[in-house]
Amino acid sequence: MKVSIVGVTGYSGLELIRYLRQHPKVEIVSIHSHSMHKKSISDINPHLKNIISLPLEEFNAEKIMEGSDLVFFATPSGISKELVQPFVTAEFPIIDLSGDFRLTSGGTYERWYGKTSAPLDLVKKFEYGLAECRKNPKAIWIANPGCYATATELTFAPLLENKLIQLDSMIIDGKSGLSGAGKGLSQTTHFTETNENMSVYKLNQHQHIPEIIQQFKVWAPEIEAIQFSTSLIPVTRGIFLTSYVKASQSISTEQLIDVFKKYYQGKKFIRIQPENQFPELKQVVGSNYCDIGVTYNQTTNIISLVTVIDNLGKGAAGQAVQI
């Protein structure tokens, strides 16, 4: 399969190069950047010298469709929605890594992203691409889930589908490395602000909240809300998610682990940890794995879960390639 990457100079775009170059059935035939197309990719990223020799090109939909079988959009939110229409009209396959085609309810994208949404009839043509839970593997237009959303949804899917929890008790605490903020510069991501520090951001306002609730409602339509917090930690990449929820019935840790193992049986990128063992961030960095540890406190009736993913891997490029 021949593929093109739009937005290749961002962190997710560079990670797409890493994954796709190792794929035995994929050839990258063109790479595109609006702001940096007058330079070579190795000028911007010297580690790619002698690894990828393709020129950085301006975006040209017709040219991409002439030479490729699939296009990845690794652009920031707000850009791909302006560029995809020619591909949709031509029924050309797209995998979009931004948030532009994830939210299907009118006004939700505007509220949480602060930007104008793509037309809803266009948004609804895209399938939400949570790789382990896809219902329509033949879909040709895919909205790749967000990084926090991926970790959260994979954590709760077995519990929701098996009706094991009290739906109004979910508390989710996510911590992310700085690459999740992209390459844009700001005071909050400056080295002197983040080094040896930890800070909460977008409390109750993170744009992945409606995405998570939207998917949760697929599994449990009566869900109304979740408590979700996000923090920055001084690492380059990775998401460390700790979640707490009340069980709807008496259950043991051993039974919970069995539920997770059965739910993800045959899903090679999900690794359920043994009893009393919880994942660390380093064990997934640079990979497409999602590792989950779970335990139950009989005294408090609380299920605690620890989930780790690489925000650029399973949370972005890795999942996009897996799809």
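Legend: P(r) of segment 207-323 from all alpha carbon pair distances, 5 Å bins from 0, whole percents, reading 2, 10, 16, 21, 24, 17, 7, 2, 0.
So what's segment 126-243 giving for Cα Rg divided by 2.2 N^0.38 Å, two decimals?
That ratio works out to 1.16.
Of the residues Phe87, Phe59, the one with the largest accessible area comes first in the ranking Phe59, Phe87, computed with a 1.4 Å probe on protein heavy atoms. Treating segment 126-177 as a set of equal point scatterers at the Cα positions, no solvent, please give the Debye-formula log₁₀ I(q)/I(0) at q = 0.21, 0.22 Å⁻¹. Log10 of I(q)/I(0), two decimals: -0.87, -0.92. Computed from label points 7 Å out along Cα-Cβ, the spacing between Gln283 and Thr116 is 4.8 nm.
Given a 1.4 angstrom probe, I'd like the percentage of the accessible area of the chain that is carbon and sulfur, rounded to a whole number. For the chain, the apolar C and S fraction of the accessible surface comes to 50 percent. Taking each of Lys183/Lys282; Lys115/Lys268; Lys175/Lys217; Lys2/Lys49; Lys115/Lys314; Lys49/Lys115 in turn, the alpha-carbon distance tops 28 angstrom for Lys115/Lys268; Lys49/Lys115.
Counting only helical runs of four or more DSSP H residues, what would the 222 nm mean residue ellipticity of the chain come to if each run contributes -39,500 (n - 2.57) and the total is spread over all its residues? Each step should come with its number before you reach the end.
Working: 11 runs with 84 residues, N = 323.
Using -39500 (n - 2.57) per qualifying helix, the result is -7000 deg cm²/dmol.
Within segment 20-119, the GluC sites (Glu not before Pro) that combine a DSSP coil assignment with at most 15 other C-beta atoms in a 10 angstrom radius are Glu58, Glu91. A 1.4 Å probe run over the protein chains yields, for the chain, 48 Å² of accessible area per residue, whole-number rounding.
May I ask what percent, to the nearest 5, of DSSP beta bridges between residues of the chain are antiparallel? Spell out each step's value before the answer.
Numbers: 26 of 54 bridges.
Bridges in the chain that DSSP calls antiparallel: roughly 50 percent.
Summary of the geometry: segment 168-219 and segment 221-268, compared by the centres of their Cα atoms, lie 16 Å apart. The heavy atoms of Leu54 present about 40 square angstrom of accessible area, all protein chains included, probe 1.4 Å. Residues of segment 272-287 falling in the label zone of Asn162, defined by backbone nitrogen less than 16 Å from a point 7 Å along Cα to beta-carbon, are 272-276. Computed extension length for Val88-Ser53: 9.7 nm, one decimal, from 0.36 nm per residue of separation with the Cα-Cα distance subtracted. Remark: the Glu193-Lys268 segment gains 23.2 nm on full extension, using 0.36 nm per residue and subtracting the alpha carbon distance.
Mean projected area of the convex hull spanned by the Cα atoms of the chain, taken over all viewing directions: 16.7 nm².
Mind checking the alpha-carbon convex hull of segment 281-323 and giving the volume per residue in Å³? Don't skip to the answer; put the middle values down first.
Details: hull volume 3.1 nm³, N = 43.
So the per-residue Cα hull volume is 72 Å³.
Can you work out the FRET efficiency for the pair Ile323 and Asn60, with r the C-beta to C-beta distance and R0 = 22 Å, to the nearest 0.05? E between Ile323 and Asn60, to the nearest 0.05, is 0.35.
The values are calculated or read from the model by the stated rules, or taken from the named source; none is laboratory data. Since this is a predicted model, take the numbers as computed values, not measurements. Neighbour counts are summed over all protein chains in view; Cβ atoms, including those assigned to glycine, are modelled from backbone coordinates with ideal geometry. Heads up: the accessible areas ignore ligands, DNA and RNA and are worked out on the full protein's heavy atoms, side chains in. Shrake-Rupley method; radii C 1.70, N 1.55, O 1.52, S 1.80 Å.
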